[in-house]
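In what follows, a structure is listed as structure tokens, so that the remarks can point back to it.
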Amino acid sequence: MSVEAGPLLDTIPLPLAVISPERKVLFINEAAQVLTGFSLEEARGLHCMYVMRSSLCPDKCPLAKVEDTGAAVCVDANIVSKERRKIPVRATFAPVLAPDGSIAGYVEALEDIRILQELEIKQGWSYGFGDMIGHSHEMERIFQMVPGIAQTDSSVLVTGETGTGKDLLAEAIHNASARAKGPFVKVNCGALPETLLESELFGHSKGAFTGATESKPGRFRMAHNGTLFLTEIGDLPLSLQVKLLTFLDDKVIHPLGSTKGVNVDVRIVAATHRDLRQMVREGKFREDLLYRLNVVRFHMPPLRERGEDINLFLNHFVHVFSEEFGKKVTGFSQDALYFLENYAFPGNVRELRNVVEYCVNVCGQETIEVEHLPRYLMEQPAGVPAGTGYGVQPAPEAPPAGMMPPPGMPAPVSSAASGAVNWADMERKMILDALLQAKGRKNRAAEILGWARSTLWRKMKHYEIESS
Amino acid sequence: MNKRILVTLHGSDVAPRFDLATEIWLGRTGGRNLVEEERTIVLPHASAEELCHLILREHVDVVICCGIEEEYYEYLHWKRIEVYDSVVGRRRDVINAYLARTLRPGAVLVPRDE
């Protein structure tokens with residue numbers, strides 16, 4: 001270390017240390033002195049592990065690798081400064097070579113990544129809102145609208161299939177509103193019989209009916225100054241629809257058995273998976289109530305229409321459950337991912353979440369393979385798309401759910417879909433078709449299928465397809 | 001001076017970090033200012049929380065370590081435990097310095113190689 005290099009290194013804003021082959025500190029620049037809390041005089045001559053005090057010291061010291069390979073190493077770690085602060089850093093270690101090629105020392109750069117980590121957290125927010133995540137076009141549009149809508153007191157109607165996150169959206173609206181400090185009260189209109197539901201919602205006075213030994217405030221009054229979330233509003237009996245309409249008009253509720261109305265300041269957010277317009281046509285839902293609730297309407301798209309969000313959710317839930325169960329599962333194999341990406345998820349995000357929870361539970365390794373997926377996914381009958389039952393009509397020419405060929409796969413393989421009974425049969429036929437097309441060359445067949453050669457070999461063995 | 005002392009170890013030296021130490025030295029000083037009782041414990045894994053529990057369980061009065069986070073330092077201090085941090089040196093030299101009442105936080109008891 002030449003003496004002249006010191007002032008030059010001091011002008012560099014990145015914390016730098018020059019270390020001898022024996023791991024003793026020769027020099028630290030001013031930025032490194034600020035980061036570690038050690039002055040040059042204090043640090044010089046000490047073993048670097050007592051100055052850097054990094055999470056890599058002493059057992060995972062990257063300098064050993066630098067010494068072996070002669071190449072620079074970059075790793076994320078943390079240090080504990082002399083001021084007792086734990087600081088996340090990106091540490092880069094590079095060798096300093098003598099003219100004869102031997103290692104004359106090392107340069108260590110410690111980049112303080114506290115700001116980067118804060119930005120990463122904020123980046124996480126950019127593809128989500130509240131507890132919801134997603135970066136599909138439809139969800140981004142919802143995330144952009146929520147803050148503005150939340151600031152108003154207008155009634156909100158949330159529609160969407162089961163498991164699409166209607167409850168999360170309702171709560172996000174409440175949390176982003178001026179009522180966030182008030183209560184968020186949820187009532188499932190389909191969970192209680194009509195008589196109980198009326199008392200539950202509007203409350204009752206003492207003696208209003210047999211067994212009413214005490215007055216009950218009801219959920220409307222409990223939600224005073226907050227938000228009342230009426231989920232499954234399509235299941236609300238017609239008689240209560242009138243009472244709800246009265247409240248929306250006058251902001252007054254009439255508890256059972258009481259002659260006096262009670263003023264309550266509540267914002268209504270309602271949700272349903274039913275087609276309320278159809279119910280209006282059938283005379284099962286009041287048209288005037290629909291118009292009162294439908295001031296602002298959010299439609300939560302089903303997962304199969306959210307494209308790239310499936311991958312986002314898969315990764316998100318793998319990390320959530322791995323952490324929760326103390327497992328080391330990091331992701332899905334290519335085959336498992338391909339299968340899940342092409343499965344229709346009729347239960348939407350809730351089903352996907354449950355599938356991932358199951359996979360993380362049964363997976364004893366880092367990567368979730370096809371065999372770790374729940375069996376019912378494999379038993380999905382061909383030609384009966386998972387979306388059926390929720391009013392989703394698949395295009396007649398589209399391959400069955402869970403059996404879409406990967407992008408770029410040539411047409412002959414897709415012809416295998418005809419006559420397939422389940423996924424295993426389908427996959428076997430796909431392999432045979434690909435082998436036929438490739439004239440028996442497995443490399444080419446693997447290319448056609450979009451798989452690695454080892455995957456094709458493994459699957460051929462699994463399906464007992466002889467290679468000749 | 002009858003005190004129970006704990007030193008976080010890396011081999012025969014003070015460990016660079018309190019939270020990453022997997023070995024500790026526990027000693028008790030007697031009336032003649034000598035170590036009367038000592039033992040070395042290998043910990044099942046490195047954990048600052050578990051080390052703090054052990055310190056309390058063993059009724060330690062003095063902790064000698066190198067790098068320690070403020071959170072644990074303050075906790076031990078709050079529990080009326082004397083903490084000498086940023087100490088560099090061999091365990092034997094560090095204990096001798098403590099017994100001689102010359103040990104200070106930040107003490108470097110090894111020769112500096114230039």
The range A:133-301, relative contact order [Cα under 8 Å, separation at least 6], %: 32 percent
Anything over 24 Å Cα to Cα? Flag those among A:K327/B:K79; A:K86/B:K79; A:K181/A:K251; A:K82/B:K79; A:K166/A:K327; A:K243/A:K284, in the order listed. A:K327/B:K79; A:K166/A:K327
Could you tell me the extents of the protein assembly as shown's C-alpha atoms along the three principal axes, largest first, rounded to whole Å? 93, 81, 49
If you count, for each residue, the other Cβ atoms within 10 Å and average over each peptide, how do A:149-159, A:227-237 line up from highest to lowest? A:227-237, A:149-159
For the residue pair B:E71 and A:E371, what label-to-label distance in nm results when each label sits 7 Å from Cα along the Cα-to-beta-carbon direction? 4.1 nm
Under 13 Å from the A:V252 label point (7 Å along Cα→beta-carbon), backbone N, the range A:264-297: A:264
Check each of the GluC sites (Glu not before Pro) in the range A:10-64 and keep only those in coil by DSSP with at most 14 other C-beta atoms within 10 angstrom; list them in order. A:E22
Within the protein assembly as shown, helix-based [θ] at 222 nm, where runs of 4 or more DSSP H residues each add -39,500 (n - 2.57), nearest 500: -10500 deg cm²/dmol
Paramagnetic label zone (point 7 Å from Cα along Cα-to-C-beta, A:F209; backbone N under 19 Å) in the range A:222-243: A:222, A:235-243
Among residues other than A:V269 whose Cβ falls under 14 Å from its Cβ, what is the net charge (Lys/Arg +1, Asp/Glu -1)? +3
Express in whole angstrom the spacing between the alpha-carbon centres of the range B:16-43 and the range A:341-375. 49 Å
With a cut-off of at most 14 other beta carbons within 10 Å, and DSSP calling the residue loop, which trypsin sites (Lys or Arg not before Pro) in the range A:427-468 qualify? Please list them. A:K439, A:R441
Let me have the relative contact order for the range A:6-112, percent, based on Cα pairs under 8 Å that are six or more residues apart. 26 percent
Count, for each residue of A:77-84, the Cβ atoms from other chains sitting within 10 Å of its Cβ, then give me the mean as a whole number. 5
Quick one: Cα centre-to-centre distance for the range A:67-81 and the range A:266-300, in angstrom? 59 Å
With an 8 Å cut-off on Cα pairs and a minimum separation of 6 or more residues, tell me the relative contact order of chain B in percent. 26 percent
Residues listed by number, the range A:335-379, amide nitrogen under 18 Å from A:H299 label point at 7 Å toward C-beta: A:348-349
Averaged across A:49-58, how many Cβ atoms of other chains sit within 10 Å of each residue's Cβ atom? 6
Mind checking the full-extension length gain between A:E138 and A:R453? Use 0.36 nm per residue of separation minus the Cα-Cα distance, one decimal, nm. 109.6 nm
Compute the separation of the alpha-carbon centres of the range A:235-253 and the range A:1-66 and state it in Å as a whole number. 72 Å
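Values in this text are rule-based calculations from the coordinates and carry no lab data. Here the structure is a predicted model, which means the values were calculated and not measured. Here Cβ is always computed from backbone atoms with ideal geometry, including for glycine, and neighbour counts include all displayed protein chains.
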